[in-house]
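Colleague: Pasting a structure here, questions to come.
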Amino acid sequence: MNTGSIRWLCCLAGLVASSAHAQKPSTAPENLFRLEIVRKAPLGIAKPTLTVSPLIDATSLSLRVICGPAAEQYQGPLLAGDRARLVFDVPVGNHECFGQLLASFADGSLGDVPLDFQVSVTAPVEIIIQPTELDVASGRTVVQFSRPVVQVTVGIYDVDGSLLGGQTVPLGNHPANLPLPVRWAPGEGTPFRMQVRAQDTDGFWTDRERIVWRRDFAAPPVRVRGSKPLRRRDVNRLDAIRPQIDAAFKAVPVGTPLKLFIVAHSDDAAVAMAEWFAAEGYAERIRYRVGEDAALFAAVQDERDSWMMR
């Protein structure tokens with residue numbers, strides 16, 4: 001994580017203390033405080049922070065900072081080595097921060113230092129897994145990133161969470177949106193989950209997980225005309241394969257975001273089967289498509305695809 005660890009009067013680190021002074025006795029500010037700033041943070045993963053720690057006991061410490069739309073403060077005594085930490089809940093973008101630090105110390109010293117620094121919040125790296133390039137059995141995939149990254153780790157896990165294979169790829173500085181082929185040595189066992197981790201140029205990590213386990217079921221012939229409901233014999237045919245589907249869902253941990261994919265040759269048939277399965281308790285799991293090969297469709301499970309949200 002990108003953390004600025006700054007002492008007073010260290011203007012090159014981005015913190016300005018332009019008129020610091022101390023009294024009774026005269027003590028340099030860098031001998032009174034230690035300051036740390038987290039300047040860059042990806043949205044949803046971290047937040048910009050300011051941490052002040054006195055080097056000697058502060059009988060009274062007042063810290064007030066306005067950072068973009070956020071205003072935070074700390075008031076009270078603070079022992080040497082303890083920390084006053086302000087967290088700034090600000091949106092994506094760059095934000096100017098202004099404030100003041102006032103303190104009285106056990107040895108009679110006083111500190112009065114203005115604060116002036118900048119923080120930024122970035123959108124986290126978006127990891128895009130190319131579904132048509134994913135071949136778990138052969139140990140290869142292709143990924144893209146919304147921002148430059150310096151390192152990528154791919155791990156393949158079984159249903160119990162054991163690592164079956166993976167690879168860490170140091171990249172230096174891989175450009176945004178440039179496809180990156182990744183290969184790994186497949187291990188024994190049944191692949192269930194793939195995790196892709198990417199480290200951006202600021203040192204932050206972003207994770208993306210995808211369920212790669214699948215089971216195929218031979219769907220019975222279903223004939224639907226217009227918007228009419230399924231006929232009784234078609235319902236019986238679908239009901240006959242339900243034990244297999246239920247057994248597949250029970251074979252994975254509770255809460256696993258598995259989906260039930262339905263492929264049909266007509267829109268009416270796809271909708272009718274989807275509505276029937278929804279009424280039978282699969283409403284949150286159903287995805288369907290018309291006129292696609294079942295094997296390809298089952299492999300394309302990335303919900304970023306617009307048609308997946310039908």
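The values are calculated or read from the model by the stated rules, or taken from the named source; none is laboratory data. Source: prediction; values computed, not measured. Neighbour counts run over all protein chains shown; Cβ positions are idealised from the backbone, glycine included.
Colleague: Looking at this structure, is Q167 under 19 Å from V125 (Cβ atoms) and not hydroxyl-bearing (S, T, Y)?
Modeller: On the way: under 19 Å from V125 (Cβ atoms): yes; not hydroxyl-bearing (S, T, Y): yes.
Here the answer is yes, as Q167 does meet what is asked.
Colleague: Restricting attention to segment 91-124, report how many residues are surrounded by fewer than 22 Cβ atoms within 10 Å (Cβ to Cβ), part of a strand (DSSP E or B) and free of Cβ contacts under 8 Å to residues at least 60 places away in the same chain.
Modeller: Total satisfying the criteria: 9.
Colleague: What are the residues in segment 144-162 that are part of a loop (DSSP other than H, G, I, E, B), touching a residue at least 40 places away in the same chain (Cβ under 8 Å) and under 26 Å from T256 (Cα atoms), if any? It would help to see each step written out before you state the result.
Modeller: Residues of segment 144-162 that are part of a loop (DSSP other than H, G, I, E, B), as a first pass: 146-148, 158-162.
Next, only the ones that are touching a residue at least 40 places away in the same chain (Cβ under 8 Å) stay: 147-148, 159.
Result: V159, single match.
Colleague: Among the residues that make up segment 55-62, is at least one of them of a type in the set (S, T, Y) and under 30 Å from F192 (Cβ atoms)?
Modeller: The initial filter retains those residues of segment 55-62 that are of a type in the set (S, T, Y), namely 59-60, 62.
Filter once more, so that each one left must be under 30 Å from F192 (Cβ atoms): none.
No, segment 55-62 has no match at all.
Colleague: Is it true that R85 is in contact with a Phe, Trp or Tyr (Cβ under 9 Å, 6 or more places away or on another chain) and at pLDDT 90 or above? Outline the logic, then answer.
Modeller: On the way: in contact with a Phe, Trp or Tyr (Cβ under 9 Å, 6 or more places away or on another chain): yes; at pLDDT 90 or above: yes.
Criteria met by R85.
Colleague: Could you tell me whether any residue of segment 68-75 is over 26 Å from the mean Cα position of the chain (by Cα) and either assigned to a loop (DSSP other than H, G, I, E, B) or under 21 Å from G203 (Cβ atoms) (or both)?
Modeller: no
Colleague: Select from segment 125-147 the residues that are in contact with a strand residue (DSSP E or B) (Cβ under 8 Å, 6 or more places away or on another chain), aliphatic (A, V, I, L, M) and surrounded by fewer than 19 Cβ atoms within 10 Å (Cβ to Cβ) and list them in ascending order. Spell out the reasoning first.
Modeller: Of segment 125-147, the ones in contact with a strand residue (DSSP E or B) (Cβ under 8 Å, 6 or more places away or on another chain) are 125-130, 133-136, 139-147.
Filter once more, so that each one left must be aliphatic (A, V, I, L, M): 125, 127-129, 134, 136, 142-143.
If the condition is that a residue be in contact with a strand residue (DSSP E or B) (Cβ under 8 Å, 6 or more places away or on another chain), aliphatic (A, V, I, L, M) and surrounded by fewer than 19 Cβ atoms within 10 Å (Cβ to Cβ), then I128, V142 are the ones that fit.
Colleague: On to the next question. Please give the strands (runs of 3 or more DSSP E) falling wholly within segment 163-266 in which 2 or more residues are modelled with pLDDT of 85 or more.
Modeller: Numbers: elements: 163-174, 180-183, 193-200, 205-211, 260-264.
In segment 163-266, the matching strands (runs of 3 or more DSSP E) lie at 163-174, 180-183, 193-200, 205-211.
Colleague: Can you confirm whether V87 is over 30 Å from P191 (Cβ atoms), in contact (Cβ under 8 Å) with a residue 60 or more places away in the chain, among the aliphatic types (A, V, I, L, M) and in contact with an Asp or Glu (Cβ under 9 Å, 6 or more places away or on another chain)?
Modeller: Working: over 30 Å from P191 (Cβ atoms): yes; in contact (Cβ under 8 Å) with a residue 60 or more places away in the chain: no; among the aliphatic types (A, V, I, L, M): yes; in contact with an Asp or Glu (Cβ under 9 Å, 6 or more places away or on another chain): yes.
The answer is no for V87.
Colleague: Do any residues in segment 181-203 that are hydroxyl-bearing (S, T, Y) have Cβ atoms under 9 Å from those of residues that are surrounded by fewer than 20 Cβ atoms within 10 Å (Cβ to Cβ), where the two are at least six apart or on different chains, and which pairs are they?
Modeller: Pairs found: T190/D158; T190/V159; T190/W213; T201/R147; T201/P148; T201/V150; T201/N173.
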